[in-house]
């Protein structure tokens, strides 16, 4: 893939670019991700915070407590409601891009499942990935796994 990675919301009001390699990509099965994605899970592409540049529009934001008890700031399009990013208060140097909003998703390959204890019973959890019943203590293990996949 060539930089920058580009993406945006469904209606086109918000556009963004990513100017650095992602740190990891994982699947989250927590109830909140199920609600926000209207599906069985959500995905998060962790990137350096300063690598994400909004090039069009201005996302709206709201903050909520995560299942872990930590605070998560959620960014979305105020027009169409597309969730774009999650900013975690405990990790101010990174941001989680919702990877389905990328223009090209063909290269995405998650390395981990988190909050598997909340996974829908019909979801098959691959033993070829890192798997955690809840939030992993050390997210750097996910970063290392992503580099190996590279």
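Please treat every number below as a calculation from the coordinates, not as lab data. All figures in this text were calculated on a predicted structure; none of them were measured in a lab. Here Cβ is always computed from backbone atoms with ideal geometry, including for glycine, and neighbour counts include all displayed protein chains.
At-a-glance table
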{"item": "Mean-position separation - Cα centroids, the stretch 4-52 and the stretch 91-144, in angstrom", "result": "11"}
{"item": "Mean separation of Cα contacts under 8 Å, 6 or more apart, over the residue count of the chain: relative contact order %", "result": "26"}
{"item": "Mean Cβ neighbour count within 10 Å, used as a protection proxy, ranking 38-49, 23-34, 53-64, 114-125 highest first", "result": "23-34, 38-49, 114-125, 53-64"}
{"item": "Cut-off 19 Å, label 7 Å out along Cα→Cβ of residue 117, residues of the stretch 49-78 by amide N", "result": "65-71"}
{"item": "Theoretical ellipticity at 222 nm over the chain - DSSP helices of four or more residues, -39500 (n - 2.57) apiece, nearest 500", "result": "-3000 deg cm²/dmol"}
{"item": "P(r), alpha carbons of the stretch 5-145 - 10 Å bins starting at zero, rounded %", "result": "12, 45, 36, 8, 0"}
{"item": "Point-to-point label distance, residue 125-residue 93, nm (Cα→Cβ direction, 7 Å offset)", "result": "2.9"}
{"item": "Acute angle (nearest 10 degrees) that the helix 140-149 long axis makes with the longest principal axis of the chain, alpha-carbon atoms", "result": "80"}
{"item": "Spin-label pair residue 141/residue 40, simplified geometry with 7 Å Cα→Cβ offset, distance in nm", "result": "2.4"}
{"item": "Gain in span if fully extended, residue 13 to residue 64, counting 0.36 nm per residue against the direct Cα distance", "result": "16.0 nm"}
{"item": "Cα-projected label distance for residue 103 with residue 50, points at 7 Å along beta-carbon direction, nm", "result": "2.5"}
